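What follows is one structure encoded as structure tokens, with my remarks underneath.
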Amino acid sequence: MRYPETGDTVFVHFIARLDDGTVIEESETDRPVEAVLGAGTINPSFDEALREMEEGESKTITLPPEKAYGRYNKRLVFRLKRKKLDLKGNPHEGDLVRVSLPGGKNALVTIRAIDETKVTIDANHPHAGETIHYTLTLDRIVFAEELEELKT
């Protein structure tokens, strides 16, 4: 059996868990995630782990915060005037909302506190500062040379 290399396409199932075992994300049962190794479209730690796996093999890798969603940054927590945010509906603490930033960009933020005039928002990823455990299952490999043969 061969291991995948740069340029090979892999189809992967994954489950992401927190330290307490809570599942925070997973691939659809009937739809593995497709990625080309070395293309920079998946986390470098996944790319590295998949290069050492065979079809059908599963492996659990643990990513510390700096390799997963980053360290928690207190400077990304802001208290702003509610009317500046142009919030839709009636948001509550803990809600993820999209806000407009200066320059026309949008950001997904978590509401940490809200009152009549002010809102405290947290622009960190919801899992920033957490260690994430990923179980990867390599479903299938399409080797680059197989794709080239199909093209000719």
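Being on the phi < 0 side of the Ramachandran plot, touching a Phe, Trp or Tyr at 6+ places or on another chain (Cβ under 9 Å) and in contact (Cβ under 8 Å) with a residue 40 or more places away in the chain is a property that does not hold for residue 144. Scanning the range 54-81 for residues that are under 14 Å from residue 127 (Cβ atoms) and among the small types (Gly, Ala, Ser) yields 68, 70. Residue 133 falls short on exactly one of the conditions (1) of a type outside the set (D, E, K, R); (2) touching a residue at least 24 places away in the same chain (Cβ under 8 Å); (3) over 28 Å from residue 15 (Cα atoms); (4) assigned to a strand (DSSP E or B), and that condition is (3). Here residue 111 passes the criteria (1) exposed (fewer than 13 other Cβ atoms within 10 Å of the Cβ); (2) in a strand (DSSP E or B) except the one numbered (1). Taking the range 14-73 as the range and being assigned to a loop (DSSP other than H, G, I, E, B) and among the hydroxyl-bearing types (Ser, Thr, Tyr) as the test, the residues that pass are 22, 27, 29, 41, 69, 72.
Taken over the range 74-106, the criterion of being assigned to a loop (DSSP other than H, G, I, E, B), without any contact (Cβ under 8 Å) to a residue 12 or more places away in the chain and surrounded by 10 or more Cβ atoms within 10 Å (Cβ to Cβ) is satisfied by 101 alone. Once the range 114-124 is narrowed to residues that are buried (at least 16 other Cβ atoms within 10 Å of the Cβ) and of a type outside the set (Val, Ile, Thr), the residue that is farthest from residue 69 (Cα to Cα) is 122.
Any read-out appearing in this document is the output of simple, stated calculations on the displayed coordinates, not a laboratory observation. What you see is a predicted model, and the numbers here were worked out from it, not measured in a lab. For neighbour counting, all protein chains shown are included, and Cβ atoms are generated from backbone atoms with ideal geometry for every residue, glycine included.
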